[in-house]
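Visitor: Below you will find the structure I want to go over with you.
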Amino acid sequence: MDIVVAENLVKTFPSPDGTEKRAVDGLSFRVGQGQIYGLLGPNGAGKTTTLRMLSGLISPTSGAAILAGFDVATHPHEVKRVLGFLTANTGLYQRLSPRELIVYFAQLHGMDRQRAVSRAEALIDHLGLASFAHLRCGALSTGQKQRVNIARALVADPPILVMDEPTLGLDVLSNRLILDFITEQRDVGKTIILSTHYLDEAESMCDKIGLLHDGRLVAEGDIATLREQTGEERLTSIFLKLIDIETSAGVGSA
């Protein structure tokens, strides 16, 4: 069953010279339940724009995004109930503690105070936040903040997670925790859209990969299919061959 459907998504932005730049150009893909879909490509390929359209943060110029049967354009509130969104730079309320912040977002999702506190404590325990759950978010390390962001994204236990560069700038231990979390969520049946520049991570984790270049999908499939298609082993080499680029600058890890 397809849980996430992108149908011919197009997004244009005005350029300084008065023309329009097409950041996403007729993008279509589908993701089933319990799959990790890697949306990969160099800077400017259209990944973040696509994820923002899927999440309802921006509207497509044309095309449709459908999550768990709800069209993002016509049923935005329903989409918010089934979606958790995580990025590398999601802001936290600096003066709140992680515990206060999680309770606050739980209540935004309609939980009463008692249920919100119970959900917060469960996430604090599950994600290992207890040692800093009482500190202000402004005093936390980058890795600690990202773990709090995970709790925020999970507070309503959504069936779909959209993750834009979730491990960017993290140390080795925090990076490992995030990757383990992503795999764990897939294993319990959640559908995950993952964008990352770390192609070795995507190669080992993703059930299906879509390679973007200039806003268009240049190839799609599992890693075995992409290897057979190109004759290359590493995902970086596969991507470079598909877009006929001589240098790997800006594409990702080798």
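Visitor: Cβ-Cβ distance below 6 Å, separation of 6 or more or different chains: which pairs start in segment 68-92 with a residue that is crowded, with 20+ Cβ neighbours inside 10 Å and end on one that is among the β-branched types (Val, Ile, Thr) and in a strand (DSSP E or B)?
Guide: ALA68/ILE3; LEU83/ILE160; PHE85/VAL162
Visitor: Residues of segment 51-104 being of a type in the set (D, E, K, R), within 16 Å of VAL4 (Cβ to Cβ) and over 17 Å from the mean Cα position of the chain (by Cα), which ones?
Guide: Hits for segment 51-104 are ASP71, GLU78.
Visitor: Something else: Among the numbered conditions (1) closer than 18 Å to THR191 by Cβ; (2) surrounded by 22 or more Cβ atoms within 10 Å (Cβ to Cβ), tell me where VAL24 comes up short.
Guide: (1)
Visitor: Taking only segment 131-158 into account, find how many residues are at pLDDT below 95, surrounded by fewer than 16 Cβ atoms within 10 Å (Cβ to Cβ) and in a loop (DSSP other than H, G, I, E, B).
Guide: 2
Visitor: Moving on. Could you please give the count of residues in segment 159-182 that are hydroxyl-bearing (Ser, Thr, Tyr) and either touching a residue at least 40 places away in the same chain (Cβ under 8 Å) or crowded, with 19+ Cβ neighbours inside 10 Å (or both)?
Guide: 1
Visitor: Do we have VAL4 as part of a strand (DSSP E or B) and either open to solvent by less than 40 Å² (accessible area, probe 1.4 Å) or among the β-branched types (Val, Ile, Thr) (or both) here?
Guide: Criteria met by VAL4.
The values are calculated or read from the model by the stated rules, or taken from the named source; none is laboratory data. Just so it is clear, the model here is predicted, and its values are computed rather than measured. Methodologically, a virtual Cβ is constructed for each residue, glycine included, from the backbone with ideal geometry; neighbour enumeration extends over all protein chains shown. These area figures cover heavy atoms from the full protein model, side chains too; ligands, DNA and RNA do not enter into them. Shrake-Rupley method; radii C 1.70, N 1.55, O 1.52, S 1.80 Å.
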